[in-house]
Amino acid sequence: MNTNQNILIIGFVWPEPNSSAAGIRMEQLLLLFKEWGWSVTFATPALDSNFMIDLESIGIKKKSIALNCSSFDVFIQELQPSIVLFDRFLMEEQFGWRVAEFCPNALRILDTIDLHCLRLSRQKAFKEKRDFEIIDLLTEDISKREIASILRCDCALMVSEFEMDLLKNTFKIDSSLMYYLPLLLEPISIDEIQEWLPFEERKDFIFIGNFLHEPNWNSVLYLKETIWPLIRMQMPEAVLQIYGAYPSHKVLQLHKPKQGFHIMGRVDNAQEVVSKARVVLAPLRFGAGIKGKLLEAMQCGAPSITTSIGAESMHGNLPWNGFITDNPEDFAVKAVSLYQDISLWNTSQKNGIHIIEKRYLKLDFVSNFKKLLLSLQINLKQHRLNNFMGDLLQYQTLQSSKYMSKWIEAKNKSE
């Protein structure tokens, strides 16, 4: 088997590791493929960003591509990738049929990041002021689109075991079409731990998250309206610093220094500010995937308080590095307790180190991930024969999406 791979990644946006966990995930994959000595091209229809990483400086070729345009067909035929990785199902919807038609022997991998249908169904249920139920997933169009995308690909990379179980048990997705690959972290060394600021030298509560992500905005609003007043009743001088990329006007309007509620906006180095904070607050009421902000807290030695949604699939059976609660009054009480109790704080910090060591070490995953990709390539024909539903959906998509796209392209030219 030729291991000198030529991999094409079709990105939803240019990678911004300082803006979101999705950006961190993409950066990790890019660097991993480069470590393996593979040729990597990153292509996206998104506009350039002021905060995107310099891909060419790390040896990755970049390419701007257009939606509904046959120029992509020429590009991929010239590139002839051996592996195509789609960044979220939306990119597979747009370009998957073109890859299948013009590069049929390329291995097609979908990086789900999180299950969009789960996140959006939970969000809808929340806004309708009712509990989320599995039937919500089964009745949403986005579920049909996302599941079809997973089936059309040769393998979907998953960051959440909960979501893998959901796909297997609710949507009957075969295990051979999914692979668990969480965020990949380096071990925390003794020297790093010794350099962490101790309890006494840390101050303030902190929240951090990209404001383009609806669960983050909702969490900040929840903090402002409900949880923070409860904390301030017990700690009148308490300060909460809210960091995150792309704060909108409605976010900035929440800045109330007299109430100890500070909207700080984007930060160049998230770990730097988290490492100085005493406690991370993340009261997420809907969402999916695993939460980069909570892993970052563990990496920085900062205990956290979150909800069952926030901690979902993140810690297995291990104790959390702080508390998990869905009750706002309890959330506030535990926040104050964690902030003031040095013994509890130190124990929680150690729990975070343990979670990373047991569940997220890069060394525990990368070798098997590489073996999976190479094995899928060797057995690709049989693998696809075993996935008849995927083949059927690919056939139907090729017929419908192809001609819809060509119609849009022709319409755009005529205008």
Item to check | Residue identified as in contact with a Lys or Arg (Cβ under 8 Å, 6 or more places away or on another chain) and at pLDDT 95 or above among Phe126, Phe162, Phe171 | outcome: Phe126
Checklist entry - Which of the residues spanning the range 66-92 are free of Cβ contacts under 8 Å to residues at least 60 places away in the same chain and either crowded, with 22+ Cβ neighbours inside 10 Å or at positive phi (or both)? => result Phe72
Item to check | Qualifying residue in the range 48-58 (condition: in contact with a Leu (Cβ under 6 Å, 6 or more places away or on another chain), of a type outside the set (A, V, I, L, M, F, W, C) and surrounded by fewer than 22 Cβ atoms within 10 Å (Cβ to Cβ)) | outcome: no
Item to check | Test result for Thr307, at pLDDT 95 or above, surrounded by fewer than 18 Cβ atoms within 10 Å (Cβ to Cβ) and either of a type in the set (Val, Ile, Thr) or under 21 Å from Pro328 (Cβ atoms) (or both) | outcome: no
Checklist entry - Hey, does the range 280-299 have a residue that's within 23 Å of Ile342 (Cβ to Cβ), open to solvent by less than 10 Å² (accessible area, probe 1.4 Å), aliphatic (A, V, I, L, M) and in a loop (DSSP other than H, G, I, E, B)? => result no
Next on the checklist: Just to verify a result, which residue in the range 239-251, among those that are at pLDDT 95 or above and aliphatic (A, V, I, L, M), is most open to solvent (accessible area, probe 1.4 Å)?
Outcome noted: Val239
Checklist entry - Quick one: Trp36 ticks every box in (1) surrounded by 20 or more Cβ atoms within 10 Å (Cβ to Cβ); (2) closer than 25 Å to Ser375 by Cβ bar one, so which box is it? => result (1)
Item to check | Hits in the range 362-415 (condition: surrounded by 11 or more Cβ atoms within 10 Å (Cβ to Cβ), at pLDDT below 90 and basic (Lys, Arg)) | outcome: Lys402, Lys406
Next on the checklist: If the requirement is being closer than 23 Å to Glu195 by Cα and open to solvent by less than 40 Å² (accessible area, probe 1.4 Å), which of these qualifies: Asn346, Asn351?
Outcome noted: Asn351
Item to check | So Leu30, is it surrounded by 13 or more Cβ atoms within 10 Å (Cβ to Cβ), among the aliphatic types (A, V, I, L, M) and out of contact with any Ser or Thr (no Cβ under 6 Å at 6 or more places or on another chain) | outcome: yes
Checklist outcome for this item: Filtering helices (runs of 4 or more DSSP H) wholly in the range 110-201 for at least 2 residues that are open to solvent by 20 Å² or more (accessible area, probe 1.4 Å) and over 24 Å from Gly11 (Cα atoms) gives 116-127, 134-138, 161-169, 190-195
Checklist entry - Of the numbered conditions (1) closer than 19 Å to Ile76 by Cβ; (2) within 13 Å of the chain's Cα centre (by Cα), Ser20 satisfies every one except a single condition; which is it? => result (1)
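The values are calculated or read from the model by the stated rules, or taken from the named source; none is laboratory data. Computed from a predicted structure; not experimentally measured. Virtual Cβ from ideal backbone geometry, glycine too; neighbours counted across all protein chains shown. Remember, those area values only see protein heavy atoms, side chains included, never the ligands or the DNA or RNA. Shrake-Rupley method; radii C 1.70, N 1.55, O 1.52, S 1.80 Å.
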